[in-house]
Amino acid sequence: MDLRHGVFVAPFHAVEENPTLCLQRDLELVQLVERLGFAEAWIGEHHSGGFETIDSPEIFIAAAAERTTRIRLGTGVVSLPYHHPLNVANRIVQLDHMTHGRVMFGAGPGLLASDALMMGIEPEATRDRMAESLDVILRLLAGEVVTEKSEWFTLREARTHLVPYTKPRPEVCVASAVTPSGGRLAGRHGLGMLCVAAGEKAGFDALATNWAVAEEIAAEHGRVMDRRGLRVVLMMHLAESRQRAMDEVAFGLAKFVDYFNNNLPRWPVPPGADPVQWVVENDLAVVGTPDDAIARIERVIDHQGEIGCVLLQTNDWADWDQTRRSLELYARYVIPHFSRDNVNRADSYAWVTAHQAELIDKRKRAAKEMFEKHEAERRPGASRPQDGREAW
């Protein structure tokens, strides 16, 4: 199975930055990774906290689709409890047409408790509401006319305005972090899984467990989970050396850690400790070289088995030029390692090396014979070609 590569654009931007320029830079990033050969870009939805500045992934995807031609674009994710399910289904179908089938529908319960509370929703209710909404959305995408009533939405003979461009429907993934809720829904409906915390210890440990949950539930419903739909999100910043990478992320990693802990304390950097050193020592991210990135991905595969796609979580740990350089290094060295694009080149190089002495000898003898032939033809009285061409 071919391993795909993409980006997960939450995004994360420090609160003192110009938000207009941040959004413009996010669009430029999607254009960049398409040019570099990445296959997917997933765009987040958040409504509070200050850092994650995209409120509507659908609006962003519509703009990104006009600037790109090949890369697939996913909602990463639509927080279903915050939206009426008919509205969600119609927006995804519309994007499916506008992108000519490049849109992917990622769904989740909503990560930030502050988002839910601002809308008068108790965070404890979001997972159940997500399950209720997803069931209805999938039926709508399948062309059903739905009459359904819950404590928070009502549908009366509802149907999507358009049928999907993609047949039978766009690809659907559910967010999965630590709890088994994502795996249960993926298995029940035969969906992909977007493992958003695979780089952290709790998420990494839960990765195999939640996939096993999905496979078990899928089997109960007569389905088989497809590993091509399994996506893992990892944090990486790459440079030519580990020290250089660490120096570069000093630009913004501390602010990222503060935001993470302000939202949900999970990176407990001790007071006075260097956050860069602490993140590296606790193996929460790859801050190093392309070889380090390859090793981390191989470790995930050893732990989980085959996966469909690695998604790099984008952030502002380094400045923009260094971030672009990191993505370029990933595209130059990490992607071809897993695609094996250079196997024939490496074999050819190795064959030449193994036959070096023989090849050098043949080349020397060929050159010597050419000199001798030339000298023989130029001697006085020697016969020469009659058609006006040199006998080279």
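Please specify each residue of segment 1-56 satisfying the condition of being basic (K, R) and closer than 23 Å to V249 by Cα.
R25
Tell me, yes or no, whether segment 64-85 has at least one residue that is assigned to a loop (DSSP other than H, G, I, E, B), under 11 Å from G106 (Cβ atoms) and under 20 Å from the mean Cα position of the chain (by Cα).
yes
Return the residues of segment 261-274 that are buried (at least 17 other Cβ atoms within 10 Å of the Cβ) and over 25 Å from the mean Cα position of the chain (by Cα); say none if nothing qualifies.
Selection gives V269 alone.
What about F38, is it in a loop (DSSP other than H, G, I, E, B) and either under 22 Å from L312 (Cβ atoms) or not assigned by TED's automatic domain parsing to the domain that holds E157 (or both)?
So F38 passes the test.
For segment 256-275, does any single residue satisfy the condition of being over 27 Å from E298 (Cα atoms) and of a type in the set (F, W, Y)?
yes
Give the residues of segment 198-247 that are over 26 Å from G74 (Cβ atoms) and small (G, A, S), sorted by residue number.
The answer is A219, G222, A239, S241, A245.
Within segment 210-225, identify whether any single residue is under 21 Å from M104 (Cβ atoms), of a type in the set (A, V, I, L, M) and in a helix (DSSP H, G or I), and answer yes or no.
Within segment 210-225, one or more residues are under 21 Å from M104 (Cβ atoms), of a type in the set (A, V, I, L, M) and in a helix (DSSP H, G or I).
Given the structure, is L284 touching a residue at least 40 places away in the same chain (Cβ under 8 Å) and crowded, with 20+ Cβ neighbours inside 10 Å? Don't jump to the end; show me each part of the working.
Values: touching a residue at least 40 places away in the same chain (Cβ under 8 Å): yes; crowded, with 20+ Cβ neighbours inside 10 Å: no.
Judged against the criteria, L284 is not a match.
Of the residues that sit in segment 292-346 and are under 14 Å from the mean Cα position of the chain (by Cα) and of a type in the set (S, T, Y), which one is surrounded by the most Cβ atoms within 10 Å (Cβ to Cβ)?
Ranking the qualifying residues of segment 292-346, first place goes to Y330.
Got a sec? Which of R227, R223 is touching a residue at least 12 places away in the same chain (Cβ under 8 Å), under 20 Å from the mean Cα position of the chain (by Cα) and farther than 27 Å from E17 by Cα?
Being touching a residue at least 12 places away in the same chain (Cβ under 8 Å), under 20 Å from the mean Cα position of the chain (by Cα) and farther than 27 Å from E17 by Cα holds for just one of R227, R223, which is R227.
Taking the condition farther than 30 Å from A175 by Cβ and either of a type in the set (K, R) or modelled with pLDDT of 95 or more (or both), does Y349 pass?
When the stated conditions are applied, Y349 passes them.
Residues of segment 298-332 being among the aliphatic types (A, V, I, L, M) and farther than 11 Å from M235 by Cα, which ones? Even if it seems obvious, please write down each step before you answer.
Going through segment 298-332, the residues among the aliphatic types (A, V, I, L, M) turn out to be 300-301, 307, 310-312, 318, 327, 329, 331.
Listed by number, the residues that qualify are V300, I301, I307, A318, L327, L329, A331.
Being of a type in the set (G, A, S) and over 22 Å from H5 (Cα atoms) is the filter here; which residues of segment 216-240 pass it? Explain how you work it out, then say what you get.
From segment 216-240, those of a type in the set (G, A, S) are 218-219, 222, 229, 239; that's our starting set.
Across segment 216-240, the qualifying residues are A218, A219, G222.
Quick check on segment 371-382. Is at least one of its residues surrounded by 10 or more Cβ atoms within 10 Å (Cβ to Cβ), among the basic types (K, R) and modelled with pLDDT under 95?
yes
Go through segment 126-143 and count every residue that is within 15 Å of A89 (Cβ to Cβ) and either at pLDDT below 95 or touching a strand residue (DSSP E or B) at 6+ places or on another chain (Cβ under 9 Å) (or both). Please lay out each step first, then the result.
The first filter runs over segment 126-143 and keeps only residues within 15 Å of A89 (Cβ to Cβ), leaving 130, 132-143.
Right, trim to either at pLDDT below 95 or touching a strand residue (DSSP E or B) at 6+ places or on another chain (Cβ under 9 Å) (or both) and you get 130, 132-141.
Residues meeting the conditions: 11.
The values are calculated or read from the model by the stated rules, or taken from the named source; none is laboratory data. The shown structure was predicted, so the numbers you read here are calculated from the model rather than taken from an experiment. As a convention, Cβ positions derive from the backbone with ideal geometry for all residues, glycine included, and neighbour counts pool all protein chains shown.
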